[in-house]
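So the structure is just underneath, and the comments pick up after that.
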Amino acid sequence: MYPQLFTFWCAIVFVFGCCIGSFLNVCIWRVPRGMSVVSPPSHCPKCGHEITPLENIPLLSWIFLRGRCRSCREPITIRYFLVELVTGLLFALIFLKTAASGEPLTLLIPCFIMTAILICSAFTDCELGIIPDEFTYLGMAGGILSALLFPSAWHLESRITAFLLSLGSLAAAGGLMALCAVAGRKIFRREALGWGDVKFIAAAGALTGLPGALFSVVAGSLAGLLAAPFLRLIPKYRKRRTLRFGPFLAFGMLLWIFFGKELVGMYLRILN
Ligand SMILES: [Zn+2]
């Protein structure tokens, strides 16, 4: 592909990602609170001012309004800006990596769904300590359906084989994590691993395969272990008995999406 055309497509994917991020913001706020994501239209929680299309342009509106409601000047959390930016950047980087490495572009579909699910899960887990079923079930359905429609993302020609591989990865990853959750509960006599985390890993299996799901558990656990002593320095986190695992699983999954193949290759070279 010509460099100019490549840059053009990267920019298009970035803008597309920012728009998806704008919708993820709605999901992050409304889904864990049991609210519909379509109605009522977005409004300021303080004065009820309905957000106009012009005030809803990803990234730009937040900057031009200087992070405040246009009607009552109530501050709008920077999360809105961050989620849009992070989604846009991740989508563009995934596109860049996939195109540059000559992978089939159909791989973008499960990767984009996975990215959307992990962003939503990381934020709701961080904020409220839950990963809503709506996110994880959607990830599972998205994984199985995209395998059936685009088997080339799994480097397969047969739709049925890709479908079965995705379904099998879901069951294996979810089953293993469920076993860990039950064993953890028996050993530590409290919830060591939440069911939201179990379902997140099952969805990761359906979207990226069993190796990706297991890698994100191992990398996420290591990152959690490393981060725990530092989190204890923050007063808000000091009193919590358990670590919220969602953001670390999300981090592990991102590592897999960007560097999974290289890391596994390195590991195998060391073993040999
Ligand atoms: Zn307002």
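What follows is calculated from the coordinates using simple rules that are stated; it is not laboratory data. Computed from a predicted model, the values in this text were never measured in an experiment. Glycine also receives a Cβ, built like all others from the backbone with ideal geometry; neighbour counts cover every protein chain displayed.
Summary of computed values
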quantity	calculated
Matching residues in segment 62-76 - criterion: being under 24 Å from the mean Cα position of the chain (by Cα) and away from the ligand (no atom under 13 Å from the Cβ)	Trp62
Only listed residue being surrounded by 13 or more Cβ atoms within 10 Å (Cβ to Cβ), closer than 26 Å to Gly209 by Cβ and away from the ligand (no atom under 16 Å from the Cβ), chosen from Leu108, Leu85	Leu108
Residue in segment 46-55 that is touching a Phe, Trp or Tyr at 6+ places or on another chain (Cβ under 9 Å) and of a type in the set (D, E, K, R) present	yes
Count of segment 9-48 residues which are small (Gly, Ala, Ser), out of contact with any Asp or Glu (no Cβ under 9 Å at 6 or more places or on another chain) and not in a helix (DSSP H, G or I)	4
Residue check, Pro247 touching a residue at least 60 places away in the same chain (Cβ under 8 Å), more than 30 Å from Leu156 (Cβ to Cβ) and assigned to a helix (DSSP H, G or I)	yes
Filtered residues of segment 26-59 (kept if of a type in the set (A, V, I, L, M, F, W, C), within 16 Å of the ligand (Cβ to nearest atom) and under 18 Å from Cys120 (Cβ atoms))	Trp29
Residue match in segment 61-78 (condition: surrounded by 15 or more Cβ atoms within 10 Å (Cβ to Cβ), in contact with a helix residue (DSSP H, G or I) (Cβ under 9 Å, 6 or more places away or on another chain) and assigned to a helix (DSSP H, G or I))	yes
Hey, Glu55 in contact with a helix residue (DSSP H, G or I) (Cβ under 6 Å, 6 or more places away or on another chain) and among the acidic types (Asp, Glu) or not	yes
